[in-house]
Amino acid sequence: MGKLRRVALVLSGLAVILIALVAIPFPNRVAEYYGLTLGTPSSFNEFRAVFIGFWIGQGTTMRVAARSTDVPLLGNLCALLILAAS
């Protein structure tokens, strides 16, 4: 069970990081996917801070959780982050 959990955390973390990396050069396309419109400079800044920052933080937390098998609570919190983002 522990190995499956680690694989799930690593794959989920990579997926979230990939979304963040795609959103950096193409913020309008990613924002449209989420039903947002980026028309002003402040909306771009907000998108970068809230979405890209959150995705990078979430992906990093998932990588740390995959390495820290002695702290299962961290992996559980990552699962809650995934559920909250859906």
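The values are calculated or read from the model by the stated rules, or taken from the named source; none is laboratory data. In this text, all values refer to a predicted model and were calculated from it rather than measured experimentally. Here the Cβ is made from the backbone with ideal geometry for all residues, glycine too, and neighbour counts use every protein chain on show. Side chains are part of the model used for accessible areas, which takes the heavy atoms of the whole protein and leaves out ligands, DNA and RNA. Shrake-Rupley method; radii C 1.70, N 1.55, O 1.52, S 1.80 Å.
Observations, loosely collected:
- Restricting region 52-86 to residues that are of a type in the set (S, T, N, Q), assigned to a helix (DSSP H, G or I) and in contact (Cβ under 8 Å) with a residue 12 or more places away in the chain, the residue that is most open to solvent (accessible area, probe 1.4 Å): Thr60
- Only one entry of Val30, Val50 meets the criterion of being under 21 Å from Leu83 (Cα atoms), aliphatic (A, V, I, L, M) and modelled with pLDDT under 90, and that entry is Val50.
- When region 24-38 is limited to residues that are without any contact (Cβ under 8 Å) to a residue 12 or more places away in the chain and either open to solvent by 100 Å² or more (accessible area, probe 1.4 Å) or β-branched (Val, Ile, Thr) (or both), the one that is nearest to Ile56 (Cα to Cα) turns out to be Phe26.
- Some residue of region 42-51 being more than 9 Å from the chain's Cα centre (by Cα) and open to solvent by less than 40 Å² (accessible area, probe 1.4 Å): yes
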